[in-house]
Amino acid sequence: METKNMDYDMPFMLRFENVANYENGEVNILDRRIYPREINFVKCKSHKQVAQAIKDMVTQSAGPYTAAAYGMALAAYECKELSYEQQKEFMNDASYTISHARPTTANRMEQITQNAIKVWETALQEGKKADQEIAKDTILSLNRRYKTMDIVGKNLADIVNDGDKILTQCFGETIIGTLFRNLKKQNKTVKVFTAETRPYFQGARLTATCIYQMGFDTTVVTDNMIAYLMKNEKINLFTSAADTITKKGYIANKIGTYQIALLCDAFDVPYYVTGIPDKDKEGFDDIKIEMRDPDEVKSANGIMHTLDKVSAIYPSFDITPPELIKAIVTEKGVFKPNNLDEYFKTETKRFY
């Protein structure tokens with residue numbers, strides 16, 4: 001009996017094959033820089049091109065995890081004619097190149113790429129095509145992640161009341177799909193406000209598109225409307241995913257999350273973070289903030305809006321302290337951010 005993939009009833013960009021796919025020595029990645037106005041896949045013919053695509057934010061949120069796995073399949077394809085020792089060195093180099101394409105999530109990405117090396121080793125021992133075996137394992141990983149995040153989505157959906165007004169930030173990838181899929185199952189109607197999330201516009205282009213495609217009332221707001229929104233629309237809760245959740249309850253998420261959390265505190269709006277805590281990140285000092293090209297701040301959709309010599313800065317993420325977070329919603333339940341030790345007391349099933 002064939003098992004249904006966990007991307008059922010998901011919007012277009014959250015279906016497995018539309019995040020990224022691998023075929024015949026080529027990785028195809030949905031170009032999120034232009035989605036949803038255009039649907040185009042960036043074709044990568046080497047693992048270095050995959051790493052560059054991740055660095056250039058062709059894909060983001062959890063998309064790089066899928067791209068990274070397929071990038072390792074491509075690396076196996078690239079080196080298949082080399083000696084075993086040469087292949088091993090090639091795969092290790094590819095693992096580092098891909099996993100460190102963006103520094104803030106390198107620890108999570110390395111779990112993906114190192115697992116691919118294990119699959120590669122087993123494939124060689126069994127006389128199988130390593131690239132195909134890594135590609136198959138990527139689908140297993142996707143199902144595992146979506147299944148886990150479906151539990152997280154249900155746990156958050158249980159907190160949401162029928163008729164609530166929800167504010168989101170950036171694009172949380174899988175949790176967006178699983179939260180609203182579970183809200184549908186629970187027959188809850190909500191109104192969603194998505195912060196546009198400059199300068200990449202993930203909220204406006206990606207989050208709003210997915211939620212709208214799933215049939216929910218969706219309104220895009222600019223990043224500087226949040227205080228107005230909380231005062232006049234009476235937001236019931238704010239939620240975001242996180243690129244890092246430390247043991248001490250500090251979280252790193254898209255730049256602008258911290259200031260929304262401060263406004264939540266001012267307006268008594270609960271902030272729920274979703275995700276899997278990182279056992280290898282203790283606290284604030286363990287988070288490395290990626291600094292991106294400041295020209296991305298000076299432009300929008302490829303059009304420059306400032307004089308050339310005007311300066312800009314672009315920290316990709318900011319850090320929200322635990323005292324501004326109501327709770328962290330995980331696959332094991334809902335935890336206070338200063339009580340994540342309880343999360344790690346029980347076995348954590350493999351996620352990536």
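The values are calculated or read from the model by the stated rules, or taken from the named source; none is laboratory data. Everything numeric here is computed off the predicted structure, so don't read it as measured data. Don't worry about glycine lacking a Cβ; one is built from the backbone with ideal geometry, like all the others, and counts go over all protein chains shown.
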Criterion: more than 30 Å from Ala242 (Cα to Cα) and touching an Asp or Glu at 6+ places or on another chain (Cβ under 7 Å) - qualifying residue of Tyr77, Tyr146: Tyr77
Subset of the range 226-247 that is surrounded by fewer than 23 Cβ atoms within 10 Å (Cβ to Cβ) and touching a Pro at 6+ places or on another chain (Cβ under 7 Å) - its residue that is farthest from Thr174 (Cα to Cα): Lys247
Given (1) touching a strand residue (DSSP E or B) at 6+ places or on another chain (Cβ under 6 Å); (2) more than 23 Å from Ala327 (Cα to Cα); (3) buried (at least 21 other Cβ atoms within 10 Å of the Cβ), index of the condition Asn253 fails: (2)
Residue under evaluation Lys165, criteria (1) buried (at least 16 other Cβ atoms within 10 Å of the Cβ); (2) over 30 Å from Ile235 (Cβ atoms), criterion not met: (2)
Evaluation of Gly177 against (1) of a type in the set (Gly, Ala, Ser); (2) in a helix (DSSP H, G or I); (3) more than 21 Å from Gln60 (Cα to Cα) (one fails), failing number: (3)
Verdict on Thr194 being in contact with a helix residue (DSSP H, G or I) (Cβ under 8 Å, 6 or more places away or on another chain), at pLDDT 95 or above and not hydrophobic (A, V, I, L, M, F, W, C): yes
Residues satisfying the stated conditions in the range 27-51, i.e. surrounded by fewer than 18 Cβ atoms within 10 Å (Cβ to Cβ), closer than 21 Å to Glu296 by Cβ and among the hydrophobic types (A, V, I, L, M, F, W, C): Ile34
Qualifying residues in the range 298-326 (those that are outside any loop (DSSP other than H, G, I, E, B) and among the hydrophobic types (A, V, I, L, M, F, W, C)) - the one surrounded by the fewest Cβ atoms within 10 Å (Cβ to Cβ): Ile303
Any hit, the range 137-153, residues being in contact with a Cys (Cβ under 6 Å, 6 or more places away or on another chain) and in contact (Cβ under 8 Å) with a residue 40 or more places away in the chain: no
Hey, Asn92 of a type outside the set (Lys, Arg), buried (at least 18 other Cβ atoms within 10 Å of the Cβ), out of contact with any Ser or Thr (no Cβ under 6 Å at 6 or more places or on another chain) and modelled with pLDDT of 95 or more or not: no
Conditions (1) β-branched (Val, Ile, Thr); (2) out of contact with any His (no Cβ under 8 Å at 6 or more places or on another chain); (3) outside any loop (DSSP other than H, G, I, E, B): number failed by Thr97: (2)
Flag for Met91 being in a loop (DSSP other than H, G, I, E, B) and either outside the structural domain of Ala130 (by the TED database) or under 15 Å from Asp131 (Cβ atoms) (or both): no
Test: residue in the range 119-127 that is surrounded by 18 or more Cβ atoms within 10 Å (Cβ to Cβ) and among the β-branched types (Val, Ile, Thr): yes
Complete set of residues in the range 256-291 that are in a loop (DSSP other than H, G, I, E, B) and surrounded by 19 or more Cβ atoms within 10 Å (Cβ to Cβ): Gly256, Val269, Gly275, Ile276, Pro277, Asp278, Lys281, Ile287
Residues being among the polar types (S, T, N, Q) and either part of a helix (DSSP H, G or I) or over 20 Å from the mean Cα position of the chain (by Cα) (or both) - total across the range 40-88: 7
The range 110-156, residues that are within 24 Å of the chain's Cα centre (by Cα) and among the small types (Gly, Ala, Ser): Ala116, Ala135, Ser141, Gly153
Filtered residue count, the range 89-113, keeping only those that are touching a residue at least 24 places away in the same chain (Cβ under 8 Å) and charged (D, E, K, R): 2
First in the range 15-29 and under 15 Å from Glu173 (Cβ atoms), second anywhere and among the polar types (S, T, N, Q) and surrounded by 16 or more Cβ atoms within 10 Å (Cβ to Cβ), Cβ under 6 Å, 6 or more apart: Val19/Thr66; Ala20/Thr66; Ile29/Thr59
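Okay, residues lined up against (1) assigned to a helix (DSSP H, G or I); (2) on the phi > 0 side of the Ramachandran plot; (3) hydroxyl-bearing (Ser, Thr, Tyr):
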| position | (1), (2), (3) |
| --- | --- |
| Thr138 | yes, no, yes |
| Tyr146 | yes, no, yes |
| Ile151 | yes, no, no |
| Asp158 | yes, no, no |
| Thr194 | no, no, yes |
| Thr197 | no, yes, yes |
| Gly203 | yes, no, no |
